[in-house]
Amino acid sequence: MKKKPIVDKELLSHLEKLPEDKREVFLLSDGSVRAVALQGTHTINQMRANHELGILETLVLGHGYLAAGLLASTVKGDDRVQLTIECGGPIKGVYVEAWAIGAVRGYLQEVPIQVDKPLESFDLSPFFGPGFLTVTKLLEGKKTPFSGQIMLQHGSIAKDLAEYFLTSEQTPAVVSLSIQFDREGRVIGSGALFLQNLPGSDNATLEEIEMMATSMPSMGKYLSEGKNSKEFVEEVFAKFSPQYLESQPYGFSCPCDRKRYGEYLQSLPLEERQSILEEGPFPLELQCFNCSATYSFSKDELQSLLGSL
């Protein structure tokens with residue numbers, strides 16, 4: 001993966017003052033509710049730089065990155081989770097993948113997202129339209145992925161993801177995704193929260209916590225002030241005696257590299273390899289959908305890779 005530079009000096013100065021991104025896990029109310037808090041301002045800004053996104057695209061894909069980061073807290077080891085949204089609105093599709101270890105990558109199907117008039121709010125439901133949300137868990141040692149799907153009901157990744165947990169996994173949950181922009185459209189704070197009933201718990205406590213979550217301060221704004229997600233949970237949910245369990249890294253990362261793309265070229269059918277050598281283009285550029293990194297192969301490199309096959 002190649003990380004594109006963030007060139008906005010004012011934004012860089014702001015990011016230097018913020019703590020590193022991470023995902024933190026708590027228990028609330030004597031272990032009846034599991035809480036996962038994620039701070040991701042650095043990650044969302046790097047995602048935006050790599051994919052060269054505007055404000056609307058950053059908001060949509062950023063919510064996807066935050067949601068996948070939360071989902072990855074439900075698996076372990078080398079397991080990973082894929083979040084896919086396919087829809088009939090201008091967004092068309094969101095595809096994000098996150099690993100239990102904290103890496104996340106993914107892309108929008110449509111960039112830029114087509115809009116008919118300037119944005120009047122951050123309500124994204126008109127941009128999704130009808131469609132489906134799918135969560136796929138690829139578990140180490142399991143040959144078959146576990147997959148669940150629901151129809152989009154809210155046009156909000158947070159609300160539809162909560163609907164997914166209730167419908168597909170029969171687990172009441174609360175999901176909050178927050179990205180704070182400044183007046184110039186910079187992402188100055190970004191965070192997410194996932195509250196989930198644990199087996200054997202009644203729904204009353206989660207319902208009370210959910211009511212509190214609807215009136216809590218913006219997590220993105222809170223984190224933009226240099227505070228961290230642990231402080232957020234301990235402050236907002238103090239009544240429920242948060243018990244801190246663990247912390248894990250979280251960041252934009254993709255395993256692509258030139259070697260993998262070279263191996264991909266070598267695996268192409270003979271006719272395609274011959275066509276590349278004869279017709280080019282030279283240099284041949286291949287772009288990774290998930291991180292927008294571009295790998296360029298000169299004519300000599302292609303001859304070396306494909307000429308003797």
With Ile44, Ile55 as the choices, which residue is closer than 27 Å to Phe128 by Cβ, β-branched (Val, Ile, Thr), open to solvent by 50 Å² or more (accessible area, probe 1.4 Å) and in contact with a Gly (Cβ under 7 Å, 6 or more places away or on another chain)?
Ile55
Select from segment 15-41 the residues that are assigned to a helix (DSSP H, G or I) and touching a Ser or Thr at 6+ places or on another chain (Cβ under 8 Å) and write down the one among them that is surrounded by the most Cβ atoms within 10 Å (Cβ to Cβ).
Thr41
How many residues of segment 94-116 are outside any strand (DSSP E or B) and of a type in the set (A, V, I, L, M)? The answer is 5
Tell me, please, whether a residue that is acidic (Asp, Glu), assigned to a loop (DSSP other than H, G, I, E, B), surrounded by 17 or more Cβ atoms within 10 Å (Cβ to Cβ) and touching a strand residue (DSSP E or B) at 6+ places or on another chain (Cβ under 7 Å) can be found in segment 79-86.
yes
Residue among Tyr244, Tyr261 that alone is within 23 Å of Ala98 (Cβ to Cβ) and assigned to a helix (DSSP H, G or I):
Tyr261
Could you check segment 275-284 and list, in sequence order, the residues that are touching a residue at least 12 places away in the same chain (Cβ under 8 Å) and not aliphatic (A, V, I, L, M)?
Gly280, Phe282, Pro283
Within segment 289-306, residues modelled with pLDDT of 90 or more, in contact with a helix residue (DSSP H, G or I) (Cβ under 8 Å, 6 or more places away or on another chain) and crowded, with 17+ Cβ neighbours inside 10 Å come out as Cys291, Ser292, Ala293, Tyr295, Phe297, Leu302
Pairs only if they're at least six apart or on different chains, beta carbon under 9 angstrom, first in segment 200-220 and among the charged types (D, E, K, R), second open to solvent by 80 Å² or more (accessible area, probe 1.4 Å) and part of a helix (DSSP H, G or I); list them, first residue then second.
Glu208/Lys239
Residues (open to solvent by 50 Å² or more (accessible area, probe 1.4 Å) and polar (S, T, N, Q)) located in segment 138-179
Thr144, Ser147, Gln149, Gln153, Thr167, Gln170
Looking only at segment 246-255, decide whether some residue is loosely packed, with under 12 Cβ neighbours inside 10 Å, under 30 Å from Lys22 (Cβ atoms) and among the acidic types (Asp, Glu).
yes
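The values are calculated or read from the model by the stated rules, or taken from the named source; none is laboratory data. Quantities reported herein were computed from a predicted structural model and do not represent experimental measurements. Neighbour counts run over all protein chains shown; Cβ positions are idealised from the backbone, glycine included. The protein model used for the area step is the full one, side chains on, heavy atoms only, and it has no ligands, DNA or RNA in it. Shrake-Rupley method; radii C 1.70, N 1.55, O 1.52, S 1.80 Å.
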